[in-house]
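A.B. asks: Below is a structure I'd like to ask you about.
Every number here is computed from the coordinates shown, using simple stated rules; none is lab data. Computed from a prediction, not measured in an experiment: that's the story for all the values here. We place every Cβ from the backbone using ideal geometry, glycine too, and count neighbours over all the protein chains shown.
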Amino acid sequence: MRSAADVRDFAAEHGYPVIVKPRHGKGSEHVARFRRAEDVVEPPAIDDDFVAEPFFPGDEVSVEAFSSAGEHHVIAITGKITQDDDPANPFVEIGHVVPAPLGPETAAAVSAYVSAFLDVMGVTDGCTHTELRLTPSGPEVVETHTRVGGDSIPTLVRQATGYDLLDLLVDWSLRRARPRRPEPAAAGAAAIRYFTPPPGRVLDVGGVQRWQGLPGVLKLHLP
């Protein structure tokens, strides 16, 4: 897909709104949502094709799972904070929390959905990170990866649940050790938030050591 006409043809078949993004993109760069035909503009002139997808409304979560011999273990569900309506950088994730603030029925439905999805994808072993939107009609996959999540999600999972996803991978690879049975409830909670100041000139940074020393603060990083 290379042109605005291609986007309109897709939307004519699947409906609005639609999401358009580079096929090989990263970091939410060049992602756009078009609500109506008159909103569609030409994709940026970059060396890549674009992909159009139906837009899924609803809260975003990711499922951190570990599979062993075809059995899927949902280790945690991560809640997302996204700036969907930021005109300059839409849909960028600026925070995560483990566990996601979901009710038991919703969490069970998400876990079952992802387990079935991993079966369809033929995933049998290792870590997976599956991102979903919780639409009014149920969970819908946005993307999945056969790796752990980024943005320090494995650290949040370890802090909140006691599970170390990479340790699970090593134990399974070397000793075929399956994850222990999950506890009835998460032992705690952990969150990360990214600074999103407006463009400008930084004149001074203060108070970092004070915040770093507070109970419950694992890491504060100002590059």
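A.B. asks: Trypsin sites (Lys or Arg not before Pro), restricted to segment 5-101: which are DSSP loop and have at most 16 other Cβ atoms within 10 Å?
C.D. replies: Loop-located and lightly packed - 23, 26, 35, 36.
A.B. asks: Pulled fully out, how much extra length does the chain show between residue 30 and residue 2, if you take 0.36 nm times their separation in residues and subtract their Cα-Cα distance?
C.D. replies: Stretched out fully, the residue 30 to residue 2 stretch lengthens by 8.8 nm.
A.B. asks: Tell me the mean residue ellipticity at 222 nm calculated for the chain from its helices only (DSSP H runs of n ≥ 4, each -39500 (n - 2.57), averaged over every residue, nearest 500).
C.D. replies: The per-residue figure over the chain is -7500 deg cm²/dmol.
A.B. asks: While we're on this one: Taking each pair of distinct Cα atoms in the chain once, what is the resulting Kirkwood hydrodynamic radius in Å?
C.D. replies: On the way: mean 1/r = 0.0511 Å⁻¹.
Computed over Cα pairs of the chain, the Kirkwood hydrodynamic radius comes out at 19.6 Å.
A.B. asks: What is the spin-label model distance, in nm, from residue 201 to residue 47 if the labels are put 7 Å beyond Cα along the C-beta direction?
C.D. replies: 3.5 nm
A.B. asks: Next up: Relative contact order for segment 104-154 using alpha-carbon pairs under 8 Å, separation at least 6, rounded to a whole percent?
C.D. replies: 29 percent
A.B. asks: Something else now. Restricting to DSSP loop positions (anything but H, G, I, E, B) with no more than 10 other Cβ atoms inside 10 Å of their own Cβ, which chymotrypsin sites (Phe, Trp or Tyr not before Pro) remain in segment 149-223? List each step's numbers first, then the result.
C.D. replies: Working: sites: 163, 172, 194, 195, 211; in loops: 163, 194, 195.
Sparse-neighbourhood loop chymotrypsin sites (Phe, Trp or Tyr not before Pro): 195.
A.B. asks: Semi-axes of the equivalent ellipsoid of segment 36-84: what are they in whole Å, largest first, if each equals the square root of 5 times a C-alpha gyration tensor eigenvalue?
C.D. replies: Whole-Å semi-axes of the equivalent ellipsoid: 34, 17, 11.
A.B. asks: What is the distance, in nm, between label points placed 7 Å from the Cα along the Cα-to-Cβ direction at residue 146 and at residue 222?
C.D. replies: 4.3 nm
A.B. asks: Quick one: compute a quarter of the convex hull surface over the Cα atoms of segment 131-211 and quote it in nm².
C.D. replies: That works out to 10.0 nm², a quarter of the Cα hull's surface.
A.B. asks: Hey, what's the per residue convex hull volume over the C-alpha atoms of segment 77-191, in cubic angstrom?
C.D. replies: On the way: hull volume 13.7 nm³, N = 115.
It comes to 119 Å³ per residue, whole-number rounded.
A.B. asks: Let me know the whole percent of all Cα-Cα pairs from segment 1-105 that are separated by more than 25 Å.
C.D. replies: Every Cα pair in segment 1-105 considered, those over 25 Å come to 35 percent.
A.B. asks: Taking amide H atoms as placed 1.01 Å from N in the peptide plane, list the residues 5 or more away in sequence, or in a different chain, whose amide H sits under 5 Å from that of residue 51.
C.D. replies: Amide H neighbours of residue 51, under 5 Å, 5+ apart: 21, 23.
A.B. asks: Mind listing which trypsin sites (Lys or Arg not before Pro) in segment 129-222 are in a DSSP loop and have 16 or fewer other Cβ atoms within 10 Å?
C.D. replies: The qualifying sites are 147, 176, 180, 201, 219.
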